Structures are given as structure tokens and as C-alpha cells.
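Colleague: Attaching a single structure in C-alpha cells format; questions to follow.
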Amino acid sequence: MRVLYGVQATGNGHITRARVMAPALVRAGVEVDYLFSGRPADQLFNMEPFGDYQTRQGLTFVQRDGQVKVLETLRKNNPLRCWKDAGELDLSGYDRVITDFEPVTAWAAKRQKVPSVGIAHQYALCYPIPGHNYHLLSRLIQLFAPVDTAIGVHWHHFDYPVLPPLIQPPLFEPTVEADKVLVYLPLNPVPELEVRFSVFEDHRFYIYCGIDEPYQRGNLYFMPFSREGFQQDLSSCSGVVTHCGFGLISEALQCGKKVFSMPIKGQVEQLSNAHVLAKLGLATIAKDYDESLLLSWLALDQPEPRVTPDVASHLAAWIANNCCESPAELAKRLWQQDIASV
């Protein structure tokens, strides 16, 4: 079987999911080519697992200072270019298209009548998951990246055919350095982060941001983006301060790290995630930065790690078997393995 796998590259969570799926698909005997859109090619990093991948402009969101910039998003995107790229993408020779919320491959599959599967957190929001208007959002999701079969992932199934988080096991054995905190707030400027975290002198904050070389300023350790370095710091920290993206929070919960989360304003998916995290008691949620709330969070005990099944291997085998099992049956089987999360 030969598959084209489209990945939305606006956020790192989509790419991380593809990194987890890549070796699983190889083990299942599926031949895969990759296409990424939503980010300039020169801003992609650690892309070795994807071989000779393609890129397109696609569609994206402009996010800065902790919120979606609506007017800049509208100015930056070019839907006609996306439509043209989808029409020119040759899918002959492919048995199926997989899309992680990537619009060019999704629309190419729809227009050329190639079977398509969507594997992404966003597709879970096509169901009445708490915290969003699913009637509207499900239509927008299928407009953005339409698929024949939608496979969503989430922290709970809520009695819908949604799978557990699609993440890899920890790269490093989780430990806890009580005073170490990992910070991933890429939309916030560095000077702002310095002011926020320098006041907590009893803690060390490892802040990942768009710099070339690491440097230290008091109790703050500024780190350039690095998949391996990030995973090392995630494995040894006591907690994570981040927005409400699905991938990183899933990895943090798997490692037994407490989470302090500030959803991006205007980002419907993150607002829904914040609602679910609060409902399940999995994180401390702050609509805006709150120093006193962060101080209280720093004093919290460590949560128990959340066991996550090998979703990637099951999904890869399901794809290799022509997706014969229904998503509902697949979901039921996987959640039965994930006793700690039900």
C-alpha cells in the first residue's frame, strides 16, 4: 500500500504526531510520502524521519502575544493558491491519503476521489466534546481539511469514537527535579517571559524559544528549539507552563508532570482543550497570566502518570488493513487498554 501523508506544520503538535506514526507505518509495511504545509520550509527542523518530503504554502493562523491575529491571518493566507495546489497535486499511484489537518492533501483527495483518512486532535471536535459549538466547528473542520473517515484523539472519549492521545512513549525515563519548570510559550516575547518568571527565584525555568544559542539569566535558562533537548527537560521537570496545545500537554500528562496552561485567545480548539482539562482535573487553567495562581500551582504535588496505549501501531495496522474496522470498534479496543484514562 502507498500513502501520501499530509501534515499541518503551523504547530509542532501535528509534526510530532507524524513522527510517531512514521516508524509505525513502516513496520506495518505501508509505503509513505509526506507533504507539509502551513510553515516556510526553512523553518522546519528535525525532519529526518520524513525522507524526501514535499512542502506547500497551505493555510495557517497568525498567532502572537498569546492570541490569534485575525486580520493578519486573513492577509497572510491565500485560499486560491491552496485550491490551485490541491488541483495540481498528482495522487495517481496512491492508494490512500492521510491528513493531519492538512488542507492541500485533503482537498486533493476529495477532488480526485482518493480515499482519505484524517488523523488529528481537531477531528475529535467533530463530536459534541464539552467546551465548543460542535455544530459550527465540525462544519469548519470539514471545510478546512475534508476527509472520508475522521479519526480524532483526545484525553477522554466522552462516549464517542475518539482515540486516546497519539504520542510516543517518553524518550527518557521520567524523573522529578522539584524546582525545575519547563516553559513553552512561543507566542510570547522573551522580555515578557523574563519579567514573568524571574520573580520566582526558588525555581529554575527552562524556556524554549526561537533563539540560536542557549543562555542563562539568573534562574532562567533560555533554550533553542530542539526535539531531543526538549524531551530531556520534559522528562526531568516537575511541571510544564504552556498554551493549550494538545500534543505537549498529552506528553506532560504521560510523564506525570503538572500542567499550567493559558489557552491562546481566539483559538477555538485551545479554548475547548482548556474546558476539558478543567473538567477532568488535569491542569490548572488561567485565561490570562496570573502570578498568584502560578505561585499556587508551583506548590502542587506531582500527579500520577497517565498510561497511554500504543495508538500509532494500532492505527498503522488499521491503515495497512484498508481501514476495515470501524472507528468505533478501534476506539473501544484502545480505550479498554487505557484503564488509567477512562
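The values are calculated or read from the model by the stated rules, or taken from the named source; none is laboratory data. What you see is a predicted model; the values in this text were computed from it and never measured. We place every Cβ from the backbone using ideal geometry, glycine too, and count neighbours over all the protein chains shown. To get the accessible areas, we keep the full protein, side chains included, count just its heavy atoms, and leave off ligands, DNA and RNA. Shrake-Rupley method; radii C 1.70, N 1.55, O 1.52, S 1.80 Å.
Colleague: Given the C-alpha atoms of segment 140-264, compute the convex hull and give its volume per residue in Å³.
Modeller: So the per-residue hull volume is 140 Å³.
Colleague: Ordering W318, W83 by how much accessible area each has at a 1.4 Å probe, largest first, what is the list?
Modeller: Largest accessible area first, the residues go W83, W318.
Colleague: Before rounding to the nearest 500, sum -39500 (n - 2.57) across all DSSP H runs of length at least 4 in the chain and divide by the residue total; then give [θ] at 222 nm in deg cm²/dmol.
Modeller: So the calculated ellipticity at 222 nm is -10500 deg cm²/dmol.
Colleague: Excluding ligands, DNA and RNA, what is the solvent-accessible area per residue of the chain at a probe of 1.4 Å, expressed in Å²?
Modeller: That works out to 44 Å² per residue.
Colleague: Counting only the heavy atoms of the protein chains, how much of M47 is accessible to a 1.4 Å probe, in Å² to the nearest 10?
Modeller: 20 Å²
Colleague: Let me ask something else. Which distance in nm do the two modelled labels at N133 and R111 give, with both placed 7 Å along the Cα-to-Cβ direction?
Modeller: Distance between the two pseudo-spin positions: 3.0 nm.
Colleague: Would you look at the GNM of the chain, springs on alpha carbons closer than 10 Å, and say which of V259, V199, V32 moves the most?
Modeller: Judging by the Gaussian network model, the answer is V199.
Colleague: List, largest first, the extents of the alpha carbons of segment 242-342 along their principal axes, each in whole Å.
Modeller: 52, 31, 18
Colleague: Rounded to the nearest 10 Å², what accessible area does Y127 show when all protein chains are kept and the probe is 1.4 Å?
Modeller: Approximately 60 Å² of Y127 is accessible to the 1.4 Å probe.
Colleague: With every protein chain present, what accessible area does S236 have (1.4 Å probe, heavy atoms only), rounded to the nearest 10 Å²?
Modeller: Spelled out: S236, probe radius 1.4 Å, area about 10 Å².
Colleague: What number of lysine-lysine pairs in the chain show an alpha-carbon separation below 13 angstrom, given a sequence spacing of 8 or more or placement on distinct chains?
Modeller: Value for the chain: 4.
Colleague: Next question, about the same structure. Starting from the Cα of D33, step 7 Å along the direction of its Cβ; do the same at E213; then give the gap between the two resulting points in nm.
Modeller: It works out to 4.2 nm between the two label points.
Colleague: I'd like the FRET efficiency for L171 and Y289, computed as 1/(1 + (r/R0)^6) with the beta carbon distance as r and R0 of 41 Å, rounded to 0.05.
Modeller: So the FRET efficiency works out to roughly 0.85.
Colleague: Oh, and also: For segment 197-243 and segment 5-42, write down the distance between their C-alpha centroids in whole Å.
Modeller: Centre-to-centre (Cα) distance: 26 Å.
Colleague: Equivalent-ellipsoid semi-axes (√(5λ), Cα gyration tensor) for the chain, whole Å, largest first?
Modeller: Semi-axis lengths for the chain are 32, 23, 19 Å.
Colleague: Which of these, A120, A145, A328, has the largest mean-square fluctuation under a Gaussian network model of the chain (Cα springs below 10 Å)?
Modeller: Highest fluctuation among the options: A328.
Colleague: With r as the distance between the Cβ atoms of C324 and S296 and R0 = 45 Å, compute the FRET efficiency 1/(1 + (r/R0)^6) and round to 0.05.
Modeller: Taking R0 as 45 Å, the efficiency between S296 and C324 is 0.35.
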